[in-house]
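Since every read-out is calculated from the coordinates, none of them should be taken as a lab result. Small disclaimer: the values here were computed from a predicted structure and weren't measured. Cβ sites come from the backbone with ideal geometry, for glycine too, and all protein chains shown count toward neighbours.
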Amino acid sequence: MNNKHKKILYYVFASIMAAMIFVTTYFLKIPIATPAGQTMLKVSNILVLLGGMLFGGVYGGLAAGIGSGLYDLLDPVYIASAPLTFAKFFIMAFVCGTISNSGGSKGLSMKRNAVGAVCGGVTYWLLYITESILKLMIAGSTFSAAAAACAPKMITSGINQTVAIVGSLLLIVPLNKALRGLLPKFSKSAEGEENSDPKKEDSKEKK
């Protein structure tokens, strides 16, 4: 498979992952009201980490950012925070994917996957809580009051990240095998199309 075909496939698979992140965020969530604003329990963070492991930091980050940001754009409660949501989830998947795919492991090393998942989840948690506290402080709260108001978010996001880390590590092996199994099939299909190119056949006949 040449680089052009590989990039196209990664764009396609990353787009599918972005759509899955949006759908799972939209349907599989439990909204929770807190003093610092609404938050939610959800399982879509599993796909965010999986995107990084499967497609690397950049492609996985784009899938995570686009899928999560699109949800915010369509929800009046979160629409104003869509750009920050894109950035936070991009960084989460980017950190995970960069570590998971480091050293040429391509997401096949469970040790690197585990370290990447933990680092990605913790990075997002820190970004999310920092953002929530800063918003309250900008509105006039003291740091201690803002931190106390964000306690439910700390717990909820901690649960989300724990579920995401465990879930992604359980699913990465079968999904990685399935993905690696599909690539050669697409490669053969692409090569077949190239070999059947009428222009190439015409040039052969002229020779």
**Item:** Dipole-positive endmost among G97, T85, S132 within the stretch 3-177 (Cβ charges, Cα centre)
**Value:** G97
**Message:** With +1 on the Cβ of every Lys and Arg and -1 on the Cβ of every Asp and Glu, and nothing else charged, how large is the dipole of the chain about its Cα centre, in debye rounded to the nearest 20?
**Reply:** 560 debye
**Fill in**
Going residue by residue through the stretch 37-42, the Karplus relation 6.51 cos²θ - 1.76 cosθ + 1.60 with θ = phi - 60° gives ³J(HN,Hα) values, rounded to whole Hz and with x marking Gly or Pro, of x, 6, 9, 7, 8, 7
**Request:** Working from the alpha-carbon coordinates of the chain, get Rg over Rh, Rh being the Kirkwood radius.
**Result:** 1.12
**Request:** For the chain, calculate the relative contact order in percent as a whole number, restricting contacts to Cα pairs under 8 Å that are 6 or more residues apart.
**Result:** 22 percent
**Request:** With everything on Cα atoms, drop me the angle between helix 44-74 and the longest principal axis of the chain, reported from 0 to 90° to the nearest 10.
**Result:** 60 degrees
**Asked** Dividing the alpha-carbon Rg of the stretch 1-94 by 2.2 N^0.38 Å yields what?
**Response** 1.12
**Asked** What whole number of Å gives the distance from the Cα centroid of the stretch 73-144 to the Cα centroid of the stretch 56-72?
**Response** 11 Å
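Computed FRET efficiency, Cβ-Cβ of E131 and Y11, R0 35 Å: what is it to the nearest 0.05?
Details: r = 29 Å, r/R0 = 0.84.
Result of the calculation: an efficiency of 0.75.
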**Request:** Quote the relative contact order of the stretch 20-136 in percent (integer), defining contacts as alpha-carbon pairs under 8 Å separated by 6+ residues.
**Result:** 23 percent
**Prompt:** What 222 nm value per residue comes from the helices of the chain, counting each DSSP H run with n ≥ 4 as -39,500 (n - 2.57) and dividing by all residues, nearest 500 deg cm²/dmol?
**Reply:** -28000 deg cm²/dmol
